[in-house]
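Quick notes on the structure that follows.
The values are calculated or read from the model by the stated rules, or taken from the named source; none is laboratory data. Every value quoted in this text rests on a predicted model; they were computed, and no experiment measured them. Every residue, glycine among them, receives a Cβ derived from its backbone with ideal geometry; neighbour counts consider all protein chains shown.
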Amino acid sequence: MSYNAPPPPPSGPVGQTPPPNNLVWAILTTLFCCLPLGVVSIVYAAQVNGKFAAGDLAGAQDSSRKAKTWAIWSAVVGLVAIVLYVIFIVIVASNGDSTSTSL
């Protein structure tokens, strides 16, 4: 006697492709740009596939959009912080050379 397992449940809405989860960008911006904003992006990116598999296409698309938005903000904040840091270093270095005292 053979046992026939039931077919697996459908993953996602029929005929639909899952939206991009943007997980790679979320991880990269977390590591290299801005940690707090990148973590939020990872959280939303992790929700995309689960919502799609549950049949919530609108929720998956919303989480995908939010993951992308938070990754972009993380990259922007990280780049602004780097630029400000470089400007600060240049100002400190130029002031250090010009303020010599003579006896």
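Numbers below:
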{"read-out": "Filter result (of a type in the set (S, T, N, Q) and modelled with pLDDT under 95) within region 54-103", "value": "S94, N95, S98, T99, S100, T101, S102"}
{"read-out": "Residue selected from region 1-33 under the condition over 17 Å from N49 (Cβ atoms) and buried (at least 17 other Cβ atoms within 10 Å of the Cβ), by the criterion modelled with the lowest pLDDT", "value": "C33"}
